[in-house]
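The values are calculated or read from the model by the stated rules, or taken from the named source; none is laboratory data. This one's a predicted model, so the numbers in the text were calculated from it and none came from an experiment. Positions of Cβ are generated from backbone atoms using ideal geometry, with glycine treated the same way; all protein chains shown enter the neighbour counts. Heads up: the accessible areas ignore ligands, DNA and RNA and are worked out on the full protein's heavy atoms, side chains in. Shrake-Rupley method; radii C 1.70, N 1.55, O 1.52, S 1.80 Å.
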Amino acid sequence: DTMKCFSWKIEGSDTLGNILRPVAEIAVKYVEGNWKYISVYVDSGADISVFQHSFGELLGLNIEEGRYAKFGGVGGGEVETYIHEVTLKVGDDILKADAAFCKNPADPVPNLIGRRSIFDIFEIRFKNIDKETCFVRSSTE
């Protein structure tokens, strides 16, 4: 098995003070083939990975050519997105994954990786004691 772990990030919260959040450093492939490294939240509550509009543009995507989809989040707000298949790298593992890119550049959505495609390939371990998130890929696949 291969395992790649990422330390959690301390962030300020108005109500909870400083808190630790599970983040990962992943790479996403530009349309022209190079890799762009980005810090993302690891969100087991998200059905699909979501990226900001500006990140999709940076990758060279024509965002509105994707498949249109609306997603609801905590608090009932809806976000309009377009789904594209992207190539991701987690550690040394490369995989294709569906990702939703926000239609509106002003949407205050953080870049995050969700369950679809990612959690099918990796066992994700949220290690609260060690303050890290680990991606484990079985060598039997």
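What residue, among those in segment 85-111 that are open to solvent by 20 Å² or more (accessible area, probe 1.4 Å) and of a type in the set (A, V, I, L, M), is modelled with the highest pLDDT? Only one residue tops the list, namely ILE94. Where strands (runs of 3 or more DSSP E) sit wholly within segment 1-60, those with at least 1 residues that are closer than 27 Å to LYS127 by Cα, free of Cβ contacts under 8 Å to residues at least 40 places away in the same chain and touching a strand residue (DSSP E or B) at 6+ places or on another chain (Cβ under 9 Å) occupy 9-13, 17-21, 23-29, 35-42.
Looking across segment 33-53 at every residue that is open to solvent by less than 70 Å² (accessible area, probe 1.4 Å) and among the hydroxyl-bearing types (Ser, Thr, Tyr), the one that is farthest from CYS102 (Cα to Cα) is identified as SER44. Of the residues screened, ALA69 is not one that is touching a Lys or Arg at 6+ places or on another chain (Cβ under 8 Å), open to solvent by less than 50 Å² (accessible area, probe 1.4 Å) and part of a strand (DSSP E or B).
Taking the criterion of being charged (D, E, K, R) and over 11 Å from the mean Cα position of the chain (by Cα), the residues of segment 90-115 that qualify are ASP92, ASP93, LYS96, LYS103, ASP107.
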